[in-house]
Amino acid sequence: MATRIVFDLRQCEGYEECIKHCKEVFERGEGIQVHIRDYEPPEALRAAVEKAIRFCPKGALSLVETDKR
């Protein structure tokens, strides 16, 4: 089953912890916001994405399962 990143823009304060843990998916955006390169990252990056989400100090990121394959 595929996964999709959910990003709460209102919560993000630009600590960039997600970037430290998964540069393939997260990057610095404009201002203090983080930019997500791929909302549906490949399974090979799942562990890194989950770690990035876990370390977000504001809880701005989550991961949901999708039916897409």
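Using only alpha carbon pairs under 8 Å that are at least six residues apart, calculate the relative contact order of the chain and give it in whole percent.
50
Which of the aspartates and glutamates could a cross-linker bridge to LYS58, judged by Cα under 12 Å and excluding same-chain residues fewer than eight apart?
Output for LYS58: ASP8, GLU13, GLU16, GLU17.
Rounded to the nearest 500, what is the chain's calculated 222 nm mean residue ellipticity when only DSSP H runs of at least 4 contribute -39500 (n - 2.57) each, over all residues?
Mean residue ellipticity, 222 nm, calculated: -5000 deg cm²/dmol.
So if I place +1 on the C-beta of Lys and Arg and -1 on the C-beta of Asp and Glu, and nothing else carries charge, what would the dipole magnitude of the chain be about its Cα centre? I want it in debye, nearest 20.
In total the dipole reaches around 100 debye.
Taking a probe of 1.4 Å, how large is the accessible area per residue of region 7-69, in Å²?
Heavy-atom SASA per residue in region 7-69 reads 68 Å².
Counting other C-beta atoms within 10 Å, and keeping those with at most 15, which DSSP coil trypsin sites (Lys or Arg not before Pro) do you find in region 9-54?
ARG10, LYS23, ARG37
At a 1.4 Å probe, what is the % contribution of carbon and sulfur to the accessible area of the chain?
That fraction is 49 percent.
The values are calculated or read from the model by the stated rules, or taken from the named source; none is laboratory data. Model, not experiment: these values are computed from the prediction. Every residue, glycine as well, gets a Cβ built from its backbone with ideal geometry; the counts of neighbours run over all protein chains shown. Accessible surface areas use protein heavy atoms only, side chains included; no ligands, DNA or RNA. Shrake-Rupley method; radii C 1.70, N 1.55, O 1.52, S 1.80 Å.
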